[in-house]
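Q: Got a structure for you, questions after.
The values are calculated or read from the model by the stated rules, or taken from the named source; none is laboratory data. Predicted, not measured: the structure shown is a model, and the values here were computed from it. Cβ placement follows ideal geometry from the backbone for every residue including glycine, while neighbour counts extend to all protein chains displayed. These area figures cover heavy atoms from the full protein model, side chains too; ligands, DNA and RNA do not enter into them. Shrake-Rupley method; radii C 1.70, N 1.55, O 1.52, S 1.80 Å.
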Amino acid sequence: MALTLLRGIRTQTLFGANAGLFCTTRRHPLAHFTTRVESVQTSEPKSVRKSIQQATKEAAEHKTQGFEAVIGIETHVQLSTITKAFCSCPYDYGSQPNSTVCPTCMGHPGTLPVLNAKVVECAVKLGLALNCEISMTSKFDRKQYFYPDLPKGYQISQFDIPIAEKGYLDLDIPMEFGGGHRRFGVTRVHMEEDAGKLLHSESGSFSQVDLNRAGVPLLEIVSEPDMRTGIEAAEYGAEIQRVVRYLGVGNGNMQEGSLRCDVNVSVRPIGQSEFGTKVEIKNMNSFSEISRAIDYEISRQILLHKESQADKIVQETRLWDESSQKTFTMRKKEGLADYRYFPEPDLPEVVLTSEYIDEIRNSMPELPEAKRRRYENMGLSMQDVIFLANDDIVAHFFDSTLERGADAKLAANWIMGDITAYLKNEKLSIDEIKLTPLELSELIAFIKNGTISGKIGKEILVELITKGGTVKSVIEEKDLVQIADPAAIEAMVDKVLAENPKQLEQYRAGKTKLQGFFAGQVMKASKGKASPVLLNKILGEKLKGN
């Protein structure tokens, strides 16, 4: 057993042959990183808390208060590589603590890192997707800091020469948030490794260290401070997630920590060119949380400015507490000097060729922005465009349906209407149902040529989603062919009118809305198989007395 005293942290590290567990016992306030926000709130006067809550309600109107927010985001993307960044260990989310580790990712003395070539490929892909300039030569650096889950005492990252820089990201804001097109600058994309993970006890008296995640490859994307609202920041993060998934470089699941967004927020008087003091916010597990956390932080800082307490806004890291809908102090933010960067001596420079970059560029799929513009050129509404393009699985299904001859607008209507309603109700994704793009295109064609009605089409759709099969087989099996014989429909209309003389008299007296009633009765009698076009034509003539 080894006992180490580091900066006031008493650490007991237990090495077990099979247990694979490192237990770190800490007698220091660092053990209370997970302190609940209520303990912070108790130090605030009630009047201040009430003022902040009121200011939060005004967050959307902060510009009218004479201030504007300046927001930038640092996004960490965990890559879906088979092995870690600098060793051959796999990483499987949810695996037993310390079960996928080796001397290299545990930081043992004398071990040497070996760069995973797949990490470089993913970095170039993402850099190209974000319209960046790719560095033909880049290098790795050591970022020095102490934390219990960083066994080497430094993180291998990139500092002054990242693999990609000077890019931008285009996106469309959803209509419910005001709509519009936005372009946000991307400062850089760089490669680095992840740290481990601390598992805090409920009592806060000790923490366990899980090093499974240590050495997992990450790409950090640093945005320009171009965002001004929580909605813009949340949509930027969501677009990064979409790009990552379209490229296949990561799964982008925030709940697994595969995509993490750290937000920097400051406010300044409108017209002032200098930035205010920035505050970093962590611990946000969804894009809606990002939006709410930013809006709260903007309101908090504006309130301090208005009360002449701007000096209380300090550069720090704050955590978002979802239960109280507030941020609270975690620690003072480190500066560049604290990290003492220097070139990683155990790794050579990363040297790329033009042929390598071109090969990756030519292998890339159509990205969300290009897909949205293509859908827009088809004549689809912006609501349709955003819905279909923002999910790569839905977009693939839609494109496959179009490839089989379906009308774009009709296919969009079916996917966004009945199919999406079913998916939400059953909590499924579109690739988990038995309906295929081919059969959706067939269904649309049968309705369009009059073989079946739209109502019957809905019945067939449910059958195809739940049981599979073909449109033709379902129509034949259930005898669902639309009745298109004028004589047969006329006979049904005559029968319905004869059975409802009172309603017929009311219709001819001016209550014309009753036409819908008669049409419904005929459709009921025909079990939904009467041709709506023929039915409306014949019924209209009969109601006029022809």
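Q: What does the accessible area of Trp414 come to, in Å² to the nearest 10, when a probe of 1.4 Å is used?
A: Taking all protein chains as shown, Trp414 has close to 30 Å².
Q: What value, in deg cm²/dmol to 500, does the helix sum -39500 (n - 2.57) over DSSP H runs of n ≥ 4 give at 222 nm once divided by the residues of the chain?
A: So the calculated ellipticity at 222 nm is -11500 deg cm²/dmol.
Q: If Glu366, Glu439, Glu359 are ordered by their accessible area, calculated over protein heavy atoms with a 1.4 Å probe, which sequence runs from highest to lowest?
A: Largest accessible area first, the residues go Glu359, Glu366, Glu439.
Q: May I pose another question? P(r) for the chain: what percent of alpha-carbon pairs falls in each 10 Å bin, starting at zero?
A: Histogram of Cα-Cα distances, whole percents per bin: 3, 14, 20, 20, 16, 11, 8, 5, 2, 0, 0.
Q: Could you order peptides 187-200, 482-495, 107-120, 345-358 by the average number of other Cβ atoms within 10 Å of their residues, highest first?
A: Top of the packing list down: 187-200, 482-495, 107-120, 345-358.
Q: Taking R0 as 35 Å, what FRET efficiency do you get between Lys424 and Tyr168 from their Cβ-Cβ distance, rounded to the nearest 0.05?
A: 0.55
Q: If you don't mind, there's one more thing I want to ask. What does the range 486-544 give for Rg and for Dmax, in Å, if only its C-alpha atoms count?
A: 10.4, 30
Q: Taking 0.36 nm per intervening residue step and subtracting the Cα-Cα distance, what contour gain separates Cys102 from Glu202 on full extension?
A: Residue separation times 0.36 nm, minus the Cα-Cα distance, leaves 33.1 nm.
Q: Would you mind working out the magnitude of the charge dipole of the range 486-544 relative to its Cα centre, with +1 at each Lys and Arg C-beta and -1 at each Asp and Glu C-beta, to the nearest 20 Debye?
A: 180
Q: Another question, if that's okay. Once the whole set of protein chains is in place, how much accessible area is left on Leu438, using a 1.4 Å probe, in Å² to the nearest 10?
A: The accessible area comes out at roughly 80 Å².
Q: Same structure again: Can you tell me the dipole magnitude for the chain around its Cα centre, using point charges on the Cβ only (Lys, Arg +1; Asp, Glu -1), in Debye to the nearest 20?
A: Values: 67 positive and 73 negative charges, 337 e Å.
Dipole magnitude for the chain comes out near 1620 debye.
Q: Still on this structure, please answer the following. Mind checking the angle between helix 368-377 and the chain's longest principal axis? C-alpha axes, 0 to 90 degrees, to the nearest 10.
A: 20
Q: Going highest first, how would you order 375-386, 238-249 by mean Cβ packing within 10 Å?
A: Per-residue Cβ counts within 10 Å, averaged per peptide and sorted highest first, yield 238-249, 375-386.
Q: Kindly report the accessible area of the range 203-242 per residue (heavy atoms of protein chains, probe 1.4 Å, no ligands, DNA or RNA), in Å².
A: Ligands and nucleic acids excluded, the result is 22 Å² per residue.
Q: Okay, moving on. Quick one: angle between helix 454-467 and the longest Cα principal axis of the chain, in degrees between 0 and 90, rounded to 10, please.
A: 50
Q: Leaving ligands, DNA and RNA out of it, report the carbon-plus-sulfur percent of the accessible area of the range 77-122 at a 1.4 Å probe.
A: 60
Q: Roughly speaking, to the nearest percent, how much of the range 486-544's 1.4 Å accessible area is carbon and sulfur?
A: The nonpolar share, carbon plus sulfur, comes to 56 percent.
Q: Of Thr83, Ser99, Gly516, which is farthest towards the positive pole of the chain's charge dipole, taken about the Cα centre with +1 and -1 on the beta-carbons of Lys, Arg and Asp, Glu respectively?
A: Of the listed residues, the answer is Gly516.
Q: Give the angle, between 0 and 90 degrees and rounded to the nearest 10, that separates the Cα long axis of helix 230-247 from the longest principal axis of the Cα atoms of the chain.
A: Helix 230-247 sits roughly 80 degrees off the main axis of the chain.
Q: Separate question: Need the list of lysines near Lys542 for cross-linking: C-alpha distance under 19 angstrom, and skip anything on the same chain fewer than eight residues off.
A: Of all the lysines, those that pass the test against Lys542 - Cα under 19 Å, at least 8 places apart if same chain - are Lys495, Lys502, Lys511, Lys513, Lys524.
Q: Continuing with the same structure: Please report the antiparallel percentage of the DSSP beta bridges confined to the chain, to the nearest 5.
A: Among the beta bridges of the chain, antiparallel pairing accounts for roughly 95 percent.
Q: Follow-up. Along the charge dipole of the chain, pointing to its positive end and built from +1/-1 on Cβ of Lys, Arg, Asp and Glu, which listed residue (Val244, Val471, Pro368) has its Cα farthest out?
A: Val471
Q: For Asp160, Asp295, Asp170, write out the residues from largest to smallest accessible area, computed with a 1.4 angstrom probe and no ligands counted.
A: Most to least solvent-accessible, the answer reads Asp160, Asp295, Asp170.
Q: Ranked highest first by the average count of other Cβ atoms within 10 Å around their residues, in what order do 367-373, 297-303 fall? Before the final figure, lay out the partial values.
A: Details: 367-373: 19.1, 297-303: 24.1.
By packing density, highest mean first, the sequence is 297-303, 367-373.
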